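The values are calculated or read from the model by the stated rules, or taken from the named source; none is laboratory data. As the structure is a prediction and not an experimental result, all values here were calculated from the model. All Cβ positions, glycine included, derive from the backbone under ideal geometry; neighbour counts span all protein chains shown. Just so you know, the surface numbers come from the protein's heavy atoms only, side chains and all, with ligands and any DNA or RNA stripped out. Shrake-Rupley method; radii C 1.70, N 1.55, O 1.52, S 1.80 Å.
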Amino acid sequence: MEESVVAAVLCGLGAWLPPRVLANEEIAARLDTSDEWIRSRTGIAERRVAEAGTSTVDMAVAAGRQALDSAGSTEVDAVVLATATPDQVCPASAPQVAARLGLGEVNAVDVNAVCSGFLYALATASGFIAGGIARRVLVIGADTFTTLVDPDDRGTVPIFGDGAGAVVLRAGDADELGALGPFALHSDGALADLLMVPAGGAKQRRSDNPHDYFLDMHGQAVFRQAGTRMAEASRSVLDQAGWTVGDVDRFIGHQANIRILQATAKYLGLPQDALVVNIERTGNTSAASIPLAMADAQRDGTLIAGQRVLLSAFGAGLTWGATLLRWPTLATA
């Protein structure tokens, strides 16, 4: 008798957003833009911004606690935190999250693939489970990305928001509801300068130009890459799983821009009503965007147990990827 494949199975879900709402009108009053201009180009009406004193770790702890409550247990063997905005350059933030959640001396690691970070973190956690390193893993995507945005740049200020989302994965069978995989993960470092914060790292620790500490984004070039790359990775995992595009009930893409999501669906041949979208209220929350969209869709009934769900993301690096699951029955935290 063949042994069943050990898979990572989604069994808990949580999310947290800062209370401060930054609406388009507030941005328009300060910068040379308008609510209509922002909505028409991004699909965003408002976003959440972490107040001074609220850090990435704070948000990750809040979302992680909800995911653990949803899973019905605080017993995990590892924490994987996807973030491009750790509380410090050194050390990693994941061990601090684990300590504040009272998880003991568990395996804890940061993953930085920026807006693709949550998918990379899911794959890392799945590897821990498949390799026997862990039976249960808390995976969190959290970013205070507004700290990387030049407050005077009308090209980036309207796009980004802060937040955190989390899931709990457990060891299970590949044919269970909630089982993740296959994965397709890719990168192209030759295009790293399309989305970059130049200063603050080892290459350029300090700079006399304050703009070097903020995100430099080539929006049109990123747009041209994002939809096609997400579609390519999506087709790859569909082929590996033996699914067709017609089998997909819901597509949860990284909430970067409504036009990117719509373009990806078009490239795939997915109907627009398969898209799960919450960017209007959250903006682009980087590594947090997919779990935040999952939590919203679970809460409002858009996601139903048994549905076939495609996840895909694209971000700085450049990095991109996709994975699949059939949606499980989850308790509300």
For Val79, work out the one condition from (1) touching a helix residue (DSSP H, G or I) at 6+ places or on another chain (Cβ under 7 Å); (2) closer than 21 Å to Ala331 by Cα; (3) open to solvent by 20 Å² or more (accessible area, probe 1.4 Å) it doesn't fulfil. (3)
Filter segment 145-178 down to residues that are in contact with a Leu (Cβ under 6 Å, 6 or more places away or on another chain) and among the small types (Gly, Ala, Ser) and give me whichever is surrounded by the most Cβ atoms within 10 Å (Cβ to Cβ). Gly165
Only one of Ile129, Ile133 is without any contact (Cβ under 8 Å) to a residue 60 or more places away in the chain, farther than 27 Å from Ala221 by Cβ and not polar (S, T, N, Q); which? Ile133
How about segment 287-333: which of its residues are assigned to a helix (DSSP H, G or I), closer than 23 Å to Asp175 by Cα and open to solvent by 40 Å² or more (accessible area, probe 1.4 Å)? Gln298
Here are the criteria: (1) in contact with a helix residue (DSSP H, G or I) (Cβ under 7 Å, 6 or more places away or on another chain); (2) free of Cβ contacts under 8 Å to residues at least 40 places away in the same chain; (3) assigned to a helix (DSSP H, G or I). Tell me which single one Ala199 does not satisfy. (3)
Has segment 183-195 got at least one residue that is of a type in the set (Ser, Thr, Tyr) and open to solvent by less than 50 Å² (accessible area, probe 1.4 Å)? no
Please work out which residue is surrounded by the fewest Cβ atoms within 10 Å (Cβ to Cβ), limiting yourself to segment 29-45 and to residues that are among the hydroxyl-bearing types (Ser, Thr, Tyr) and without any contact (Cβ under 8 Å) to a residue 12 or more places away in the chain. Ser40
Does Gln225 satisfy the condition of being open to solvent by 40 Å² or more (accessible area, probe 1.4 Å) and touching a residue at least 60 places away in the same chain (Cβ under 8 Å)? yes
Leading residue by the ranking (farthest from Asp173 (Cα to Cα)) among those in segment 87-110 that are of a type in the set (Val, Ile, Thr) and either free of Cβ contacts under 8 Å to residues at least 40 places away in the same chain or surrounded by fewer than 22 Cβ atoms within 10 Å (Cβ to Cβ) (or both): Val89
Does Ser116 count as of a type in the set (S, T, N, Q), open to solvent by less than 50 Å² (accessible area, probe 1.4 Å), part of a helix (DSSP H, G or I) and touching a Leu at 6+ places or on another chain (Cβ under 7 Å)? no
Just wondering, is there one or more residues in segment 272-281 that are within 23 Å of Asp188 (Cα to Cα) and of a type outside the set (Val, Ile, Thr)? no
I need the full set of residues from segment 46-69 which are open to solvent by 10 Å² or more (accessible area, probe 1.4 Å) and either closer than 17 Å to Leu169 by Cα or in contact with a strand residue (DSSP E or B) (Cβ under 7 Å, 6 or more places away or on another chain) (or both), in order please. Glu46, Arg48, Val49, Ala50, Ser55, Ala62, Arg65, Gln66, Asp69
Please name all residue pairs, on different chains or six or more residues apart, with Cβ atoms under 6 Å, provided the first residue is in segment 68-85 and is within 14 Å of Arg136 (Cβ to Cβ) and at pLDDT 95 or above and the second residue is surrounded by fewer than 22 Cβ atoms within 10 Å (Cβ to Cβ) and basic (Lys, Arg). Asp77/Arg135
Hey, any hits in segment 258-271 for a residue that's assigned to a loop (DSSP other than H, G, I, E, B) and either under 16 Å from Thr323 (Cα atoms) or in contact with a strand residue (DSSP E or B) (Cβ under 8 Å, 6 or more places away or on another chain) (or both)? yes
Could you list, in sequence order, the residues of segment 228-257 that are more than 16 Å from Ser116 (Cβ to Cβ), part of a helix (DSSP H, G or I) and without any contact (Cβ under 8 Å) to a residue 40 or more places away in the chain? Arg235, Asp239, Val245, Gly246
If a residue has to be under 20 Å from the mean Cα position of the chain (by Cα) and open to solvent by 60 Å² or more (accessible area, probe 1.4 Å) to count, how many in segment 1-20 make the cut? 2
Got at least one residue in segment 262-272 being touching a Phe, Trp or Tyr at 6+ places or on another chain (Cβ under 8 Å), open to solvent by less than 70 Å² (accessible area, probe 1.4 Å) and under 18 Å from Ala287 (Cβ atoms)? no
